[in-house]
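Encoded as structure tokens, the structure appears first; notes follow it.
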């Protein structure tokens with residue numbers, strides 16, 4: 001008789017429970033799309049002549065849940081937001097971003113897009129805008145979408 005058989009069964013049972021928990025957690029996330037974004041002054045409306053840049057990633061779930069973060073360089077930012085608006089057009093703020101360090105911003109936990117905003121995201125109709133004292137309307141910008 002194999003004296004380690006009981007230990008192996010217990011270990012396999014634990015592994016099975018962990019796998020079930022992981023699969024269930026992934027299923028509840030609702031799928032979604034991740035959008036990489038790069039921010040430049042030339043994308044602002046009107047364009048801004050600046051050496052500042054930014055980059056980040058946004059993930060939007062099928063249920064409209066949104067998460068992500070951005071890092072900037074060369075700008076002394078005073079605010080950052082996600083706006084609704086197509087390239088070449090300014091739009092209203094829909095999600096104020098939270099400063100996490102001098103050059104980093106994040107989508108607040110629990111943020112969610114409305115169905116109209118989610119549709120705009122799918123059509124590249126949302127953008128990230130980083131504001132500075134020198135450029136209160138926005139110094140760098142990048143479009144979001146799938």
Check: Would it be correct to say that residue 51 is within 18 Å of residue 144 (Cα to Cα) and either at pLDDT 95 or above or surrounded by 14 or more Cβ atoms within 10 Å (Cβ to Cβ) (or both)?
Finding: no
Next item on the list: Give just the number: which of (1) over 17 Å from residue 37 (Cβ atoms); (2) in contact with a strand residue (DSSP E or B) (Cβ under 6 Å, 6 or more places away or on another chain) does residue 102 not satisfy?
Entry: (2)
Check: Which one of the conditions (1) within 29 Å of residue 134 (Cβ to Cβ); (2) in contact with a strand residue (DSSP E or B) (Cβ under 9 Å, 6 or more places away or on another chain); (3) not in a strand (DSSP E or B) does residue 109 fail to meet, given that it meets all the rest?
Finding: (1)
Checklist line | All positions within region 43-59 that are assigned to a loop (DSSP other than H, G, I, E, B) and in contact (Cβ under 8 Å) with a residue 40 or more places away in the chain | finding: 44, 45, 48, 50, 52
Next item on the list: Please indicate, with yes or no, whether at least one residue in region 105-120 is touching a residue at least 24 places away in the same chain (Cβ under 8 Å), surrounded by 20 or more Cβ atoms within 10 Å (Cβ to Cβ), under 14 Å from the mean Cα position of the chain (by Cα) and within 14 Å of residue 39 (Cα to Cα).
Entry: yes
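The values are calculated or read from the model by the stated rules, or taken from the named source; none is laboratory data. What you see is a predicted model; the values in this text were computed from it and never measured. Don't worry about glycine lacking a Cβ; one is built from the backbone with ideal geometry, like all the others, and counts go over all protein chains shown.
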